[in-house]
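Derivation of every value follows stated rules applied to the coordinates shown; laboratory data play no part. Quantities reported herein were computed from a predicted structural model and do not represent experimental measurements. So basically every Cβ, Gly included, is an ideal-geometry build from the backbone, and we count neighbours across all protein chains shown.
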Amino acid sequence: MDNPLNALGYKLLTTSLESDSPQEEKFGILTRRGFLLAAATLTSCAAAEPLKSGTLGRAGAAAAVKTTSNTAYRTPTTQGPVPRNPDMALDSNFSKANGISFSRVHVSGNYIAMTYDDGPHPQNTPRLLDMLRARNIKATFYVIGQSVNLYPQIVRRTVEEGHEIGNHSNTHRLLSKLSDSEISADLARCEEAIVRAAGVKPRTMRPPYGGLLQKQREMVHAQFGYPIILWSVDPLDWKRPGPSVVSSRILAGASAGGIVLSHDLHGQTVDSMPATLDALLRRGYQFVTVSQLLAMQTPVPTTQPAVAPANS
Ligand code: NI
């Protein structure tokens, strides 16, 4: 049977995965309060910053997960109709032989990949999905396994709406400090969480903080088949500089074949997206997922050695 997910390059899997380790079993009984405490140790992909105390109030720790940063959010008004990303029939099957690490991809065309890390988040990710859907934009979400287990329905929706899910580890630890077997176990738990939640297998990974040594990258690529996806634009949105700064940094760094890093974990980042996406669309960018970008990779033209002019 033709499943539309095949067009996205997902390998469909059964969702019945057995818990195979005591640690995973332990995670199964992790309480929401426990997650909040764990979440307080999560920062961003790009750099580590201690979470300010007080972000999670005493009452907040016991109550449902709430965002504190987007209470003033208003859907920005746009001039005229929302610009729309074109419908594109693009392949998403990339050759694993084309490279291990990517911070951008050489393509012929004005393509760009938006990537959103550290979700799913119960409020901000659905808000972002609404914005993307209004513009027909497909993006890539590098999710944390522990959060996938808390909000599987959001991951399911993300896949159903045509976006790509990538592996961002289970616990958002700095993988370069771990042993090979610890890295494998952590990435495997995230992959299993994604399969359980949405029935699809991630095809690329992004290391938290971008931290993965070359020999670890080779190990991960060999074991999981993941290319290691970094970024060409980092708006440092995790420092919460305000939506307009996030937007202007992304617009300043955008280029064809680029991979834009930001975090759907943060309300300000999501607030910045309508203006950012509309400006990129007006500049003629076409939005693709990371796998689609990888599938469009063209060889970088080798610069011809300058021929010395003949002395006449
Ligand atoms: Ni991250």
>> For a bin width of 10 Å, list the pair-distance distribution of segment 96-295 built from all Cα-Cα distances, rounded to whole %.
In response: 9, 39, 38, 13, 0
> Quick one: Kirkwood hydrodynamic radius for segment 178-312, alpha-carbon pairs, angstrom, one decimal?
Replying inline: 17.8
> So between residue 133 and residue 252, what do we pick up on full extension, going 0.36 nm a residue minus the alpha carbon distance?
Replying inline: 40.4 nm
> Taking a ≥ b ≥ c as the square roots of the eigenvalues of the Cα gyration tensor of segment 105-187, is the shape rounded (a/c under 1.5), prolate (a/b larger than b/c) or oblate?
Replying inline: oblate
> Among 230-243, 186-199, what's the highest-first ranking by average C-beta atoms within 10 angstrom per residue?
Replying inline: 186-199, 230-243
>> What whole-number distance in Å separates the alpha-carbon centres of segment 262-305 and segment 106-175?
In response: 14
> Going by how many other beta carbons lie within 10 Å of each one, how would you line up 209, 142, 285, fewest first?
Replying inline: 209, 285, 142
>> Show me, for segment 273-278, the HN-Hα J-couplings you get by feeding each phi into the Karplus relation (A = 6.51, B = -1.76, C = 1.60, θ = phi - 60°), rounded to Hz, glycine and proline as x.
In response: 6, x, 5, 5, 5, 5
> Of the trypsin sites (Lys or Arg not before Pro) in segment 83-129, which ones lie in a loop per DSSP and count no more than 13 other C-beta atoms within 10 Å?
Replying inline: 84
> Could you give me the ³J(HN,Hα) list for segment 282-299, computed from phi with Karplus coefficients 6.51, -1.76, 1.60 and θ = phi - 60°, whole Hz, x at Gly and Pro?
Replying inline: 5, 7, x, 6, 10, 8, 9, 7, 4, 5, 5, 4, 4, 5, 9, 4, 10, x
> FRET efficiency for residue 89 and residue 110, Cβ-Cβ distance as r, R0 = 22 Å, nearest 0.05?
Replying inline: 0.85
> Non-local amide H neighbours of residue 141 (under 5 Å, H modeled in plane, Pro and chain starts lacking H): which ones?
Replying inline: 116, 164, 165, 166
> Quick one: Karplus J couplings for segment 98-115, per residue in order, coefficients 6.51, -1.76, 1.60, θ = phi - 60°, nearest Hz, x for Gly and Pro?
Replying inline: 7, x, 9, 10, 9, 10, 7, 10, 7, 10, 9, x, 8, 9, 8, 10, 8, 10
